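Report on one structure; see the data block that follows.
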Amino acid sequence: MKDVLIILGSHPRGAETFDFNRTDCDIWVFNEALAIQPHIKKADAVFQMHAEAIWRNPHNRNDSNHAAWLKSGETPLIYMQDVYPDVPKSVRYPLQDICRTLLPDFSWYGMDKQGDKYFSSTFCYALALGIHQGYKTIEVHGAEMETDTEYKYQRDGVTFWLGIAIGRGVKVKAYTKIFDFPLYGYEGEATLHLSDFEKRVDELKPLIEEQRTRYKDITLYATQTLDEFLKTGKKYQETMDALKAQVTAGYEINKLAGAMQENEKYIAKAKAMTEHAGEFQFSRQEFEGALMGTANEHDKAINAATTSAGACNALFNKAIQAKNYVKRKRAVDEFLQVARQYLTASCYVGLYNGAASENSAYLAKLDKLIKAAGGSKSEAVLLNV
């Protein structure tokens, strides 16, 4: 056993960061790496920690010859969940011993279960075993875990076990971008400017005025058609269409108002922050929080609008069936009470949708800035600066 352990993942960047001519280290790799990764030239141990049904599968998507290779005996040590007689070099992974030694005081509590182990990937098993066996230095190569597939859930485990290593005095060299993040609270380049919000306010003002004029015209027309229907009992479809148009116009103007409200809120916050700190910066969490904050109220408004809409249809049909003015007037009065509730609920739906759309747009703009900046310091915005 050497003093230095190399844990080599499958990312091609490992070919750039690790020199296979080195003789001062032991090399550990994973699964089918020796067969399918051209840059991996040799290994002292292989980890195959999957269930037996997986590694024995003759239709292995990465290497159809994998099971035969494991059984060949012409392999390095193979760390597995158990010792298998037909895998000559198989070694049972000492899970319980590792947890007893390295995690004696660790326990976690989730929503409906708890535990005392944390292994989110084969990489974690390798790191833990390297610590357990007493390597003085552990180097990590080819472990980028860049995509948000299963790697999204594996990164935390890798960083967890690297932390355990450092805490136990192991020298860690991580040749990976996993840790290439800005300092929380200190760094962050991708940000929005006060002018972004002020410009949006300037865009919204004429749209709101235009919609206000339209709403007044539609409301006047809806009132006129309803009066005519009340007197004559005729043109009921035209009346209903006019009333629906009024509701739609109310929704649209409040959608713009919701957008305006959010921008005015951010302008006020930015000015207050600048006054006290000389500058302002909104994290991604600012806009995500605003989105989540209105979700319940938005759902309530949707439910109220849907319920009122159904009641409106029933009451207006009742008015259509009325045979004289008195009965029609009574039915229309009932209809108008519910119609006002429907209009109010629809306006609130518009208000919340406008606010949500605005926050979603700013989230998208921040993400675009982050990508354009190459993900370096600007990723602070993603980390709740």
Review point. Out of curiosity, is GLY142 in the same structural domain as LEU8 (by TED's automatic domain parsing) and surrounded by fewer than 22 Cβ atoms within 10 Å (Cβ to Cβ)?
Key: no
Exercise for review: Go through the residues of the stretch 103-119 one by one and say whether even a single one is outside any loop (DSSP other than H, G, I, E, B), assigned by TED's automatic domain parsing to the domain that holds ILE27, surrounded by 12 or more Cβ atoms within 10 Å (Cβ to Cβ) and at pLDDT 95 or above.
Suggested key: no
Practice item. Please work out which residue is nearest to VAL4 (Cα to Cα), limiting yourself to the stretch 37-67 and to residues that are among the basic types (Lys, Arg) and over 34 Å from the mean Cα position of the chain (by Cα). Key: LYS42
Revision key, fill the gap. Considering the stretch 320-335, residues that are in a helix (DSSP H, G or I) and in contact (Cβ under 8 Å) with a residue 60 or more places away in the chain, and then whichever is nearest to THR223 (Cα to Cα), we arrive at VAL332
Review point. Scanning for something assigned to a helix (DSSP H, G or I) and β-branched (Val, Ile, Thr), does the stretch 289-297 turn up at least one residue?
Key: no
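If only one of THR294, THR306 is surrounded by 16 or more Cβ atoms within 10 Å (Cβ to Cβ), of a type in the set (Ser, Thr, Tyr), at pLDDT below 95 and closer than 23 Å to ALA257 by Cβ, which one is it? Walk me through how you get there before you give the answer.
On the way: THR306 fails: surrounded by 16 or more Cβ atoms within 10 Å (Cβ to Cβ).
Testing whether each residue is surrounded by 16 or more Cβ atoms within 10 Å (Cβ to Cβ), of a type in the set (Ser, Thr, Tyr), at pLDDT below 95 and closer than 23 Å to ALA257 by Cβ leaves just THR294.
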Exercise for review: Filter the stretch 41-67 for residues that are more than 22 Å from HIS141 (Cβ to Cβ), β-branched (Val, Ile, Thr) and surrounded by 16 or more Cβ atoms within 10 Å (Cβ to Cβ) and give the result.
Suggested key: none
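For every residue, the table says whether it meets (1) surrounded by 19 or more Cβ atoms within 10 Å (Cβ to Cβ); (2) modelled with pLDDT under 95.
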| site | (1), (2) |
| --- | --- |
| LEU194 | no, yes |
| LEU204 | yes, no |
| LEU220 | no, no |
| GLU228 | no, yes |
| LYS231 | no, yes |
Point to revise | Qualifying residue in the stretch 325-342 (condition: among the acidic types (Asp, Glu) and surrounded by fewer than 21 Cβ atoms within 10 Å (Cβ to Cβ)) | key: yes
Practice item. Among the residues of the stretch 204-257, write down those that are acidic (Asp, Glu) and in contact (Cβ under 8 Å) with a residue 40 or more places away in the chain. Key: GLU252
Review point. Only one residue in THR232, THR225, THR239, THR219 is farther than 28 Å from TYR362 by Cα, of a type outside the set (Lys, Arg) and touching an Asp or Glu at 6+ places or on another chain (Cβ under 6 Å), so which one is that?
Key: THR225
Check your understanding: Can you find even one residue in the stretch 167-182 that is modelled with pLDDT of 95 or more, part of a loop (DSSP other than H, G, I, E, B), closer than 23 Å to PRO104 by Cα and of a type in the set (A, V, I, L, M, F, W, C)?
Key -> yes
**Study point:** Residue satisfying all of: in the stretch 10-47; among the polar types (S, T, N, Q) and without any contact (Cβ under 8 Å) to a residue 60 or more places away in the chain; nearest to MET145 (Cα to Cα) among these
**Key:** GLN37
Practice item. Could you tell me which of the residues LEU8, LEU34, LEU77, LEU70 is closer than 15 Å to ALA126 by Cα and either within 35 Å of the chain's Cα centre (by Cα) or buried (at least 18 other Cβ atoms within 10 Å of the Cβ) (or both)? Key: LEU8
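The values are calculated or read from the model by the stated rules, or taken from the named source; none is laboratory data. These figures come from a predicted structure and were not determined experimentally. Reconstructed Cβ throughout: ideal geometry from the backbone, glycine too, with neighbour counts over all protein chains shown.
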